[in-house]
1. On the basis of being out of contact with any helix residue (DSSP H, G or I) (no Cβ under 7 Å at 6 or more places or on another chain), within 20 Å of Asp45 (Cβ to Cβ) and open to solvent by 40 Å² or more (accessible area, probe 1.4 Å), does Trp121 make the cut?
2. Mind listing just one residue for me: the one in region 132-154 that is in a loop (DSSP other than H, G, I, E, B) and open to solvent by 40 Å² or more (accessible area, probe 1.4 Å) and, of those, nearest to ligand 2 (Cβ to nearest atom)?
3. Find the residue count for region 19-59, including only residues that are crowded, with 20+ Cβ neighbours inside 10 Å and of a type in the set (A, V, I, L, M, F, W, C).
4. Can you say whether Glu158 is charged (D, E, K, R) and more than 16 Å from ligand 1 (Cβ to nearest atom), as far as the supplied structure shows?
5. So which helices (runs of 4 or more DSSP H) stay within region 163-257 end to end and still have 1 or more residues that are aromatic (Phe, Trp, Tyr), crowded, with 17+ Cβ neighbours inside 10 Å and over 19 Å from the mean Cα position of the chain (by Cα)?
6. Quick check on region 63-72. Is at least one of its residues within 16 Å of ligand 2 (Cβ to nearest atom) and within 13 Å of the chain's Cα centre (by Cα)?
7. Looking only at residues that are small (Gly, Ala, Ser) and assigned to a helix (DSSP H, G or I) in region 120-131, which one is farthest from ligand 1 (Cβ to nearest atom)?
8. Of everything in region 181-190, what is under 17 Å from Asp222 (Cα atoms) and within 11 Å of ligand 2 (Cβ to nearest atom)? Give them in sequence order.
Amino acid sequence: MPAAHFDLRARLATGEPFLFSWMSIPSGALAAQVARLPLDGVCLDMQHGMIGFSDAVPMIAAINAAGKPALVRSLWNDAAIPGQAFDAGAVCVIAPMVNSRAQAEALVRAAKYPPLGARSWGGYTALQASGLAPGDYLREANRMTMVFAMVETVEALENLEEIAATPGLDGLFVGPSDLSITLSKGAGIDKTGKATLAAMEKVSAAARRHGLVAGAFGGSADVIKAYLKIGFTFIAAAVDVDLLQAGAEKLRQSLQV
Ligand code: 3PY
Ligand code: MG
């Protein structure tokens, strides 16, 4: 059986920008469409999107069928979620609000098989899609799947070095909205403000020092360009609902009626 698995780790190791879409709408049919947009992968937002696990399963299948990697932003840094997402065929989990070394270690424990972690066995869908024998899947899974800790609070910045040094962690992912909210003590959201960008530069430098991928939520062209300039390569480029809105606005403007 051919391996349907997308080698995200090898793709990210090229250092080329990896720009992916971000879905909030629970629909396998829409996921099939979004996976065919000119972007590099699809992330299902199970934290702020409307996607539950039973919605995510057919979406992950549709994304894999299109030959793109399926990513999941989990609801919380919960021990059950990374294994569940990987079992269903996702190749990357991004966990929100990882604020300490202990929380980063818990994330790795949930996401990786021994010796790196304590992921429980049962990846039926992923195992079949990989085309590997169970023992080979067990040996390969920690390489085939990636786990990112979201750095999106002042507390996480204070613990950045220890979080980045967590064995088995694959990347850091900045949530610039929450980061700017905590940096400003709730005064506002500023994804490209001076303080936000200065903090983010520290995150991308820490990622480089520790051999991790530096990721961030972008959302629009200006923001993506600013983040590429300060060393981020793994960037959420556009949200499904924003793409729909922008498409309709462009159509309306071009019609001028
Ligand atoms: C943030 O910017 O805080 C995020 O979590 C991106 O969705
Ligand atoms: Mg956030």
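1. no
2. Start the filter on region 132-154 by keeping residues that are in a loop (DSSP other than H, G, I, E, B), which leaves 132-133, 145, 152-153.
Those still in the list that are open to solvent by 40 Å² or more (accessible area, probe 1.4 Å) too: 132-133.
Values: Leu132: 34, Ala133: 39 Å.
Filtering region 132-154 for residues that are in a loop (DSSP other than H, G, I, E, B) and open to solvent by 40 Å² or more (accessible area, probe 1.4 Å), the one nearest to ligand 2 (Cβ to nearest atom) comes out as Leu132.
3. 13
4. Details: charged (D, E, K, R): yes; more than 16 Å from ligand 1 (Cβ to nearest atom): yes.
Spelling it out, Glu158 is indeed charged (D, E, K, R) and more than 16 Å from ligand 1 (Cβ to nearest atom).
5. Working: elements: 176-183, 194-209, 221-229, 240-255.
In region 163-257, there are no helices (runs of 4 or more DSSP H) which contain 1 or more residues that are aromatic (Phe, Trp, Tyr), crowded, with 17+ Cβ neighbours inside 10 Å and over 19 Å from the mean Cα position of the chain (by Cα).
6. Yes, region 63-72 contains a residue that is within 16 Å of ligand 2 (Cβ to nearest atom) and within 13 Å of the chain's Cα centre (by Cα).
7. Restricting attention to region 120-131, the residues satisfying the condition of being small (Gly, Ala, Ser) are 120, 122-123, 126, 129-131.
Of the ones still in play, those that are also assigned to a helix (DSSP H, G or I) are 126, 129-130.
On the way: Ala126: 25, Ala129: 27, Ser130: 29 Å.
Going through the qualifying residues, I end up with Ser130.
8. Scanning region 181-190 gives a single hit, Ile189.
The values are calculated or read from the model by the stated rules, or taken from the named source; none is laboratory data. Treat the numbers as computed from the prediction; the structure is a model and nothing was measured. Neighbour counts run over all protein chains shown; Cβ positions are idealised from the backbone, glycine included. Areas reflect the complete protein model, heavy atoms only, side chains present, ligands, DNA and RNA absent. Shrake-Rupley method; radii C 1.70, N 1.55, O 1.52, S 1.80 Å.
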